[in-house]
Amino acid sequence: MNKGKRRYSLLLLIAFLITAVLLTGCGSQKPAENKPAASEKFKVAFVYVGPVGDAGWTFSHDQGRKFLEKEMPNVETTYVESVPEGADAERVLTELAMKGNKVIFATSFGYMDYVQKVAQKFPDVVFMHATGFKTAKNVGTYFGRAYQARYLSGIVAGKQTKSNVIGYVAAFPIPEVIRGINAFTLGVQSVNPDAVVKVVWTNTWYNPATEKDAAKSLLDAGADVIAQHQDTPGPMQAAEEKGKFGIGYNTDMRSFAPKAVMTGPVWNWGPYYVKVVKAVMDKTWKSEQYWGAMSENIIDLGPYGPMVSEDVKALVAKKKDSIVKGEWDVFTGPIADQQGQIKVPQGQKMSDKEMLEFNWFVKGVEGTIPK
C-alpha cells in the first residue's frame with residue numbers, strides 16, 4: 001500500500017473515532033432532552049357566566065373545579081369569570097385553547113354556538129358545554145336532572161304556603177327553566193292542588209338587584225313562598241325581609257337568608273369533572289349528551305331549614321326514594337297544560353327529547369312564556 005492510501009485510511013480511522021466519541025457523548029443527553037418536564041401538568045379551563053362569588057351556579061362549578069384539582073394533583077386548572085353569552089365568549093374560548101388547555105368546560109347555555117365554532121378550529125381540544133344540546137366529535141354536553149330535585153322542593157313549598165300563592169323568579173324562557181318551573185309546580189300540586197305558581201321573568205342569570213325586585217313584586221302579589229332559577233340569593237333575601245319563605249337554587253343559600261330558606265336543589269359537579277378529565281387523559285373520552293340523575297349525586301335537595309317539619313321531610317324522602325330507585329319520574333302522566341288539556345296521558349312518561357324541548361306550562365302555573 002503506498003503512502004497516499006495509508007494516509008487516507010488513517011484519516012478515515014481518525015474521523016470514525018471522533019464521530020463515535022461525539023455520538024457517545026450526545027447519547028447521554030438525549031433522554032434528558034426528550035423527557036417531559038416533571039412539573040408539566042394537564043391543563044383544564046373553565047368559562048363562567050358570572051363571578052365565582054355569586055353564591056349560586058358559578059360558585060357551584062368553581063367548587064367542582066377545586067375538587068378536580070384536589071383529587072388530581074397532576075391537573076392544573078384556570079378559569080375566566082363573568083364572560084357574557086355573546087361574541088366575547090368566542091374570544092375567551094379561543095384564547096384558552098391557544099394556551100394549551102386540553103379540556104375546556106363552558107358552563108352556560110348561551111355559549112353553545114361559540115363552543116361549536118371554536119371547537120372546529122381546535123380538533124385536539126375537548127370542549128364540554130353545560131346545559132346545551134349541540135355536540136361534535138370533540139364537543140360533549142352535560143347537565144343534571146335538576147327537575148327531580150325541583151319537584152321535591154315543590155312538595156316543601158306546597159306544604160308551607162298559607163296563601164296558596166307561590167312566586168317563581170324565572171331567568172330566561174329556555175327549555176331548562178320552563179322544565180324547572182313545571183317540575184316545581186307538579187311537586188306543589190301533588191300536595192296542595194289549590195296552590196298556584198306565579199312566574200316573573202328577569203332575563204338574567206346574575207343581577208342581584210333585578211332578581212330581588214322581581215321577588216318583591218311577587219311577594220306584593222300575595223306570594224308567601226319564593227322559588228328561583230338565578231344565581232344570586234337576592235330572591236331569598238327579599239323573602240326573609242318580608243317574613244316569608246324561600247326555595248333556593250344551585251347551592252345551600254341558608255347562610256344568606258336563614259329565616260327564609262327551607263331547602264333547594266344543589267349541584268355537586270366535582271366527581272363528574274374528575275370523571276371527564278380522567279377519560280380525556282386516558283384517551284377513552286367520547287362525545288355524548290350526559291344528563292345525570294339524582295341517583296348519580298350530581299344534583300340533590302339541599303339541607304333543610306328549621307321551619308320544615310319532620311312530616312314534610314318524611315314525605316319528601318319517600319318520593320325521593322322512588323325517583324332514585326327509578327320506580328317513578330316527575331313527568332309521568334296524567335299531566336295537563338295551563339288550559340287543562342292533557343299533554344301526557346295516564347301511565348305515559350315524557351321522553352328526554354320532549355323534556356329538553358319544553359315550551360309549555362303545566363296546569364297550576366300563572367304566567368306566560370315570552371316568544
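List of remarks:
- Looking across the stretch 218-258, the residues that are assigned to a helix (DSSP H, G or I) and over 21 Å from I155 (Cβ atoms) come down to L219, D220, G234, Q237, A238, E240, E241.
- Yes/no for A146 being crowded, with 23+ Cβ neighbours inside 10 Å and under 25 Å from M294 (Cβ atoms): yes
- Residue list for the stretch 273-306, filter: more than 18 Å from V125 (Cα to Cα) and not hydrophobic (A, V, I, L, M, F, W, C): Y290, G292, S295, E296, N297, D300, G302, P303, Y304, G305, P306
- Test result for S255, of a type in the set (S, T, N, Q), under 17 Å from W57 (Cα atoms), surrounded by fewer than 18 Cβ atoms within 10 Å (Cβ to Cβ) and over 14 Å from the mean Cα position of the chain (by Cα): yes
- Test result for S190, under 21 Å from V308 (Cβ atoms), more than 26 Å from the chain's Cα centre (by Cα) and either assigned to a helix (DSSP H, G or I) or β-branched (V, I, T) (or both): yes
- Residue in the stretch 323-334 that is surrounded by fewer than 13 Cβ atoms within 10 Å (Cβ to Cβ) and more than 23 Å from I299 (Cβ to Cβ) present: yes
- Tally of residues being closer than 22 Å to M236 by Cβ and in contact with a His (Cβ under 7 Å, 6 or more places away or on another chain) across the stretch 48-106: 1
- Residue within the stretch 268-278 that is over 17 Å from G50 (Cβ atoms), assigned by TED's automatic domain parsing to the domain that holds G50 and crowded, with 24+ Cβ neighbours inside 10 Å present: yes
- Helices (runs of 4 or more DSSP H) fully within the stretch 78-183 counting 1 or more residues that are in contact with a Phe, Trp or Tyr (Cβ under 6 Å, 6 or more places away or on another chain) and not assigned by TED's automatic domain parsing to the domain that holds I226: 87-98, 112-121
The values are calculated or read from the model by the stated rules, or taken from the named source; none is laboratory data. Note that the coordinates shown come from a computational prediction; the quantities given were computed from them, not determined experimentally. Every residue, glycine as well, gets a Cβ built from its backbone with ideal geometry; the counts of neighbours run over all protein chains shown.
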